[in-house]
Amino acid sequence: MGLERLLAERTRGMGVNAIREILKVVSQPGMISLAGGIPAAESFPMDILKELTCRVIDRYGSSALQYGRTEGFAPLQEALVGYLAEKGIHTEADDILISSGSQGVLDAVGKVLISRGDRVAVEAPTYLGAISAFNPYEPEYVRMDTDDDGLLPESLESILRSGEVKFVYLAPNFQNPTGRTIPRARRQAVARILQTHDALLIEDDPYGALRYRGSDLPPIKTLAPDHVVYVSTLSKTFAPGLRIGFCVAPEPILQWLVVVKQGIDLHTSTFNQALAAEYLTGGYLERQLPKILDLYRPRQEAMLEALERYFPPGFRWSRPDGGMFLWVEGPEGMDMEAVYREAVRRKTAYVPGKFFFTETGEGSHTLRLNYTMADEATLYRAVKILGKVMDEACGYSRLPRLTTASSV
């Protein structure tokens, strides 16, 4: 039977997630992976999970194992009201939708808002997971220009003037893949532009809590509340396997996101939501977050030091104040996908940057590095290996050596 003829037309715009496929390769024994955006297992609060589980069973009993409301487990919604207020987002519990990870929100946004051919404005590069979520609904991507501080507001202004855009997608804090953070003045400019053009922003904020230096910045949601769907998750500060994401959206959009979720999974795991509610209300997050930051900060510093020491001239990289990633740009003309194959042969992996662009052929000389999954000594060793691979690919020959590299 020719089953391919049964596939829906939308599958033409779908494909495997390149990073998920890369992770299959890098799971080989002995491989050092700088590829996946995966929290370290040491960051999980293993020492309190039994206590949390007992609290959930004692407080909620069998109701924690029952079907629940699509909108979310009420105690978690209430806990998130206070959590969001600390970020300056003031909302009611009923305005919060709990999802199966923030990816669940992105897929629902695509289903609710995108018709074939609709223009969606994204950064270049942008989060691959968002592209994967939106692609089945066949949008036309509009490229927004960026620099070392993220989105250029004038680019957003120009795009919104040029014609209707269904929505804008941004990750303002420690963006995946670049690690860039949009400064306060630019956030204010973006908010004004959204309001002037009556445009909608999907503000994706999975990494904002992972700040190692500097001060927190206000979400764009606080500056233009009626024009922003704010999306976040507890995957980076609790446990990704629990799949707890959430969003705060303007009422007309929120209603449709709920309808879509009813058709996808009915509701997010009640028990996992109950665990998250206790994690927030019991003060566990306040105690766990400093441990996570103390774990990741020296790992990032080790990778930055190793890049300075081992990467050849002509390379530059981001120096973010937080998050999970560094973005590296090599000389124009390098093919980092081809170099990746040699790096994997030497048991070290990264993600070629081309996968984070919506325009074919862009970003072939770039790559993304993750530093959360390995200790400092392993990161140093991995970057040394990559430095030699890059050195050979560029035709250089001397390693190790100190280099003076500019930051992205």
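Coordinate-derived values only; no laboratory data. Computed from a predicted model, the values in this text were never measured in an experiment. Every residue, glycine as well, gets a Cβ built from its backbone with ideal geometry; the counts of neighbours run over all protein chains shown.
Just a few scattered comments:
- Length-normalised contact order of segment 66-282 in % [C-alpha pairs under 8 Å, at least 6 apart]: 28
- Other-chain or far-sequence residues with amide H under 5 Å of Ser235's (modelled H): Ile244
- Chain lengthening between Glu140 and Arg59 when straightened (0.36 nm per residue, less Cα-Cα): 24.3 nm
- Sequence-ordered 3J(HN,Hα) estimates for segment 368-373 from the Karplus curve with 6.51, -1.76 and 1.60 and θ = phi - 60° stand at 10, 10, 10, 10, 7, 9 Hz, glycine and proline given as x.
- For Thr360 and Ala85, the FRET efficiency from 1/(1 + (r/R0)^6), where r spans their Cβ atoms and R0 equals 56 Å, is about 0.80.
- Modelled spin-label separation between Ile264 and Gln28, with each label point placed 7 Å from Cα along the Cα-to-Cβ direction: 3.5 nm.
- Scalar couplings 3J(HN,Hα) for segment 166-178, obtained by applying the Karplus form with A = 6.51, B = -1.76, C = 1.60 to θ = phi - 60°, are 5, 6, 10, 10, 9, 10, x, 10, 6, 3, 8, x, 8 Hz; x denotes Gly and Pro.
- Lysine pairs within the chain, Cα separation less than 21 Å, 8 or more sequence positions apart or different chains: 15
- Distant-in-sequence amide H partners of Leu200 (H built 1.01 Å from N, under 5 Å): Val168
- If the segment from Glu251 to Glu51 were pulled out straight at 0.36 nm per residue, it would be longer than the present Cα-Cα gap by 68.3 nm.
- Each Cα pair under 8 Å and six or more residues apart adds its separation to the average, and for the chain the resulting relative contact order is 22 percent.
- Here the extension length gained between Arg297 and Glu164 equals 43.7 nm, from 0.36 nm per residue of separation less the Cα-Cα distance.
- Put the Cα centre of segment 311-334 next to the Cα centre of segment 235-277 and the gap is 34 Å.
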